[in-house]
Amino acid sequence: MYPYIQIARPDHWFKNVFMLLGVLFALFYTPELFESPTVLETTVIRLGIALVAVCLIVSSNYVLNEILDAPTDRSHPSKSSRPIPSGKVSIPIAYAEWVILGILGLCVAWLLGKAFFGSALALLVMGILYNVPPIRTKDWVYLDVLSESVNNPLRLLLGWYVVLPGEIPPLSLLLSYWMIGAFFMATKRYAEFRWINDPQRAGRYRRSFRYYTEEKLLVSMFVYSVASALFLGVFIVRYRLELILSFPLLAGFFGYYLWIGLKPNSVVQNPEHLYRERGLMVYLLICMGVFFLLMFVDIPFLYEWFNVRPADVTSLWILK
């Protein structure tokens, strides 16, 4: 059974922690939840159910990815040893695993309402569009990064709908989160391309690598990071000016991640191993802590300095 567990990639489930940002922003809009232990407990239970649903769905997508990538994985220095390319998995059983995991995930998602179910279904559909010919967006230059990173705003939506199933989050926030994901994914592509260090072999492994160069990938990383900052700036000015104080930390995180991505045989090729970069993890926790604090603290004089009208949202604390 172990090879079939491997192709579901439970070691990648940690990525679903990005749902928590959606939960955080939804709580920002409804701080009264903190005053009701019963409602807060219900939210925690719903979040647990949501994590189960999303883990099942992303595992379904991973299984499909493993099946359809097996022929090209044989051209990759390390992925050639994966369960399917190495012949340890029956393809018909793997397809059955893909279907069963997807159906189970959608059934669990249905328990949390139509909005959550719709977002979960979109996550499953994006996995199909990303992997299945003739569309197979992972083979298209730039679209491969953009279509895979769209899972970021979908996870944010899923977290949001755990708390606020009847409302839609700000578009600027979703777009910023999408571009952050694109930056991470483009950095991963860059690290992979450099590590293979053979354009022909890289092209056999990933079709989009036939058109990429190191320069093109670096430029795309710059574009995605700037786009992310732009949309986050729109959200901050419109909804939460206090977050502007976190900008130096966030800019530093982009730089830190890029620095790691430029290392030979960088760990960003396998994001599930990023925990080994302890400095990055500590820095990320600091960024998240500051970001969380600023979400729920009012600093009135900032609005006077920047001549911005405060949003009509009640915060937990006011810093005078």
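Which numbered condition in (1) in contact with an Asp or Glu (Cβ under 9 Å, 6 or more places away or on another chain); (2) part of a helix (DSSP H, G or I); (3) of a type in the set (A, V, I, L, M); (4) more than 18 Å from V132 (Cβ to Cβ) is the only one that V63 fails?
Of the numbered conditions (1) in contact with an Asp or Glu (Cβ under 9 Å, 6 or more places away or on another chain); (2) part of a helix (DSSP H, G or I); (3) of a type in the set (A, V, I, L, M); (4) more than 18 Å from V132 (Cβ to Cβ), the odd one out for V63 is (4).
State whether one or more residues within the stretch 226-238 are more than 18 Å from the chain's Cα centre (by Cα), closer than 29 Å to M185 by Cβ, modelled with pLDDT of 95 or more and among the hydrophobic types (A, V, I, L, M, F, W, C).
yes
Pull out all pairs, ordered by first then second residue, where Cβ-Cβ is under 7 Å, the residues are six or more apart or on different chains, the first lies in the stretch 1-16 and is under 14 Å from S90 (Cβ atoms), and the second is open to solvent by less than 30 Å² (accessible area, probe 1.4 Å) and not in a helix (DSSP H, G or I).
As it stands, the answer is P3/P83; P3/V89; Y4/V89; Q6/P83; I7/P83; I7/I84; I7/V89, since those pairs meet every condition given.
Scan the stretch 85-96 residue by residue and report those that are in contact (Cβ under 8 Å) with a residue 24 or more places away in the chain and either surrounded by 15 or more Cβ atoms within 10 Å (Cβ to Cβ) or part of a loop (DSSP other than H, G, I, E, B) (or both).
Residues of the stretch 85-96 that are in contact (Cβ under 8 Å) with a residue 24 or more places away in the chain, as a first pass: 88-89, 91, 93-95.
Passing the criteria: K88, V89, A94.
Quickly run through the stretch 1-34 and pick out the residues that are over 17 Å from the mean Cα position of the chain (by Cα), more than 15 Å from N65 (Cα to Cα) and in a helix (DSSP H, G or I).
Within the stretch 1-34, the first condition is being over 17 Å from the mean Cα position of the chain (by Cα), and the residues that meet it are 1-8, 26-34.
Still in the list and also more than 15 Å from N65 (Cα to Cα): 1-2, 26-34.
Residues satisfying the conditions are Y2, A26, L27, F28, Y29, P31, E32, L33, F34.
Any residue that is open to solvent by less than 30 Å² (accessible area, probe 1.4 Å), hydroxyl-bearing (S, T, Y) and at pLDDT 85 or above - is there at least one of those in the stretch 104-119?
Yes, because at least one residue in the stretch 104-119 is open to solvent by less than 30 Å² (accessible area, probe 1.4 Å), hydroxyl-bearing (S, T, Y) and at pLDDT 85 or above.
Per-residue answers, yes or no, for (1) of a type in the set (D, E, K, R); (2) open to solvent by 10 Å² or more (accessible area, probe 1.4 Å); (3) more than 14 Å from L258 (Cα to Cα); (4) in contact with a His (Cβ under 7 Å, 6 or more places away or on another chain):
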| residue | (1), (2), (3), (4) |
| --- | --- |
| E192 | yes, no, no, no |
| N197 | no, yes, yes, no |
| G203 | no, no, yes, no |
| S208 | no, no, yes, no |
| K216 | yes, yes, yes, no |
| V219 | no, yes, no, no |
| F222 | no, yes, no, no |
| F231 | no, yes, yes, no |
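Which residue out of V99, V39, V52, V44 is in contact with a Gly (Cβ under 9 Å, 6 or more places away or on another chain) and either crowded, with 18+ Cβ neighbours inside 10 Å or more than 26 Å from E192 (Cβ to Cβ) (or both)?
On the way: V99 fails: in contact with a Gly (Cβ under 9 Å, 6 or more places away or on another chain); V39 fails: in contact with a Gly (Cβ under 9 Å, 6 or more places away or on another chain); V44 fails: in contact with a Gly (Cβ under 9 Å, 6 or more places away or on another chain).
None of the other options fit; the residue is V52.
Checking the condition in contact (Cβ under 8 Å) with a residue 60 or more places away in the chain and of a type outside the set (A, V, I, L, M), which residue from F183, F209 passes? Can you show your working first?
Details: F209 fails: in contact (Cβ under 8 Å) with a residue 60 or more places away in the chain.
F183 is the lone residue from the list that is in contact (Cβ under 8 Å) with a residue 60 or more places away in the chain and of a type outside the set (A, V, I, L, M).
Exactly one condition in (1) buried (at least 17 other Cβ atoms within 10 Å of the Cβ); (2) among the aromatic types (F, W, Y); (3) in contact (Cβ under 8 Å) with a residue 12 or more places away in the chain is not met by W140; state its number.
That leaves (1) as the condition not met.
Restricting the search to the stretch 233-273, which residues are touching a residue at least 12 places away in the same chain (Cβ under 8 Å), in a helix (DSSP H, G or I) and open to solvent by less than 20 Å² (accessible area, probe 1.4 Å)?
F235, L241, E242, L243, S246, Y257, I260, G261, V268, Q269
The values are calculated or read from the model by the stated rules, or taken from the named source; none is laboratory data. Because the structure is a prediction, the values reported are computed rather than measured. Quick reminder, even Gly has a Cβ in these numbers, built from the backbone with ideal geometry, and neighbours come from all protein chains shown. In case anyone asks, the SASA skips ligands and DNA or RNA and just uses the protein heavy atoms, side chains included. Shrake-Rupley method; radii C 1.70, N 1.55, O 1.52, S 1.80 Å.
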